[in-house]
1. How many angstrom lie between the C-alpha centres of region 178-250 and region 24-73?
2. Hey, any idea what the orientation-averaged projected area of the convex hull of region 120-160's Cα atoms comes to, in nm²?
3. Can you say what percent of the DSSP beta bridges in the chain, counting only those with both residues inside, are antiparallel? Round to 5.
4. Per 10 Å bin, what percent of the C-alpha pairs of region 244-324 does each bin hold, from zero upward?
5. Taking the Cα centre of each part, how many Å lie between region 365-381 and region 608-622?
6. Give me P(r) over region 406-486, computed from all C-alpha to C-alpha distances, binned every 10 Å, as integer percentages.
7. Working from Cα positions, state the angle (0 to 90°, nearest 10) between the long axis of helix 224-239 and the longest principal axis of the chain.
8. From the helices alone, meaning DSSP H stretches of at least four residues, give me the mean residue ellipticity at 222 nm for the chain, per-run term -39500 (n - 2.57), in deg cm²/dmol to the nearest 500.
């Protein structure tokens, strides 16, 4: 079969559709000009390469000759990778929410030739079934309506678009305070599943920035009930089928309330956010369980999602598919016969008890609901209470892991995204500093250096995507905000001023290109970017912190670390302009509320003056890193060298060593306490 117009694209998702009989076009002016000339509507289909239902629709509909023929007769068809073009996805996902109150992928939107939506749906089967319209019937209905009454379609598209309102109103502008934080905590507490952990029923997403928000609240209030919510959720997530019990790493989300049956794709951003949450839980509790999970996530990341060689060595890949061998989850599922083929009799008994397998299996066919005889490995509370864990289980896990290696692996999407790499750099750097693990810090450094060399222009502008030697697509707000976050954490782990300087430079570009001085906050796209039907902005946090949330926290921290009041004013302006929206639905803004908590709390800075690699300097740094002080920032003033940090933070000019010893200063609002050279004295002060 001759390839369509997607054959030359870099996106793995677009390439997956390059041999469809559907006459696909990549996004651009050409298909819309053709739609206008041929008097046809446009079928815009948006998805991503590791999406299970995207694969199902590609196989059932877009690869079907009969369906493709009707699609080609009715529409001009456009394919978009939502991970490459999140700006396009944001616009038309807003259309989905305006029309139906929900959304998902694949996202299929019908547009007029001027790109205005008039119909939206997610997964569409070939034939209509069980109340769900099929593609064949949709094509026939739209073709008839378009030919009979195109004016009606165009008028409905105008009504449709009017609902996609991204502008704030004066009524929504309200100064947020601690009451909004309390309402978010209460809302999460009310939705908390005390038995299974997590929030709500099904589907259940990790949404670990909710847990980080609650940990910050626990730190301030000492409310142990809040800590219990976090700990129970983190443990149940780790023990459930949501987690790969053999190879580690988290799947996308659970389809049930008990974290058993996931959608099996593994995404880089989920690993990053989970690593951040388990690292922070360790800092808050000192419990080595969380350190162990963090180390497992890192093991998976460095083994399976890191480019180990070639021109992109050190960067992190986007994710792994849910499917292999044409079905979801095949790589991860086990029959009891397969277990017995790998393990001896005694080991098989222990494995069945520990991983809760059965001959009938706990995994059902996704369409028919019938048992498959296959098992998702998970660990129940009973497994833990019986003491089954230990060296024997470590040996069994390793045997099963190695036996799984020859299986056909899920497809790995090897495109490199600046925003997701930024999240992972931040998480790895923080974990490396917290656990004293240089391997994690080196991995974060390699990824940051790759982004700086390949996806950053000399003047600090970012590109969004790198694939097969090509850096392309102007950066979005998330790219800037998340990479600045990563660079700041990397400075905190290495004290290399170059990372701090790059963070400031990139942040300055973000302020210039994305900030909305009229209403506050940041647009998702930069000035001069491709003009879509609306320019989007998003403050609420979804699966990871929004660009606005990350930008606010970055600005607050930069202001404290440099003494520059401008970032502080900008961030407080965004918090105010978002206050009304946060009041209406505070649980949708937990990362932004974490920044608010920082803003109205008592952030402090620790400055350590000392020789960069001296033991007494390291001893003071160790004390700070062992303390759970989430609103603390750490600066190193290296003595005996020309320190670039003094140019960045002029208030450090008055900081010196005392009696030739490494010296720590605790500073608030650029006023510093009596210097301390004794690590025990510093620990006592931080504990107080």
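1. 39 Å
2. Mean projected area of the Cα convex hull: 3.2 nm².
3. Around 70 percent antiparallel, to the nearest 5.
4. Distribution as computed: 18, 44, 31, 7, 0 percent.
5. Taking the Cα centre of each part, region 365-381 and region 608-622 sit 53 Å apart.
6. 19, 44, 27, 9, 0
7. 50 degrees
8. -15000 deg cm²/dmol
Any read-out appearing in this document is the output of simple, stated calculations on the displayed coordinates, not a laboratory observation. Since the model is a prediction, treat every value here as computed from it, not as a measurement.
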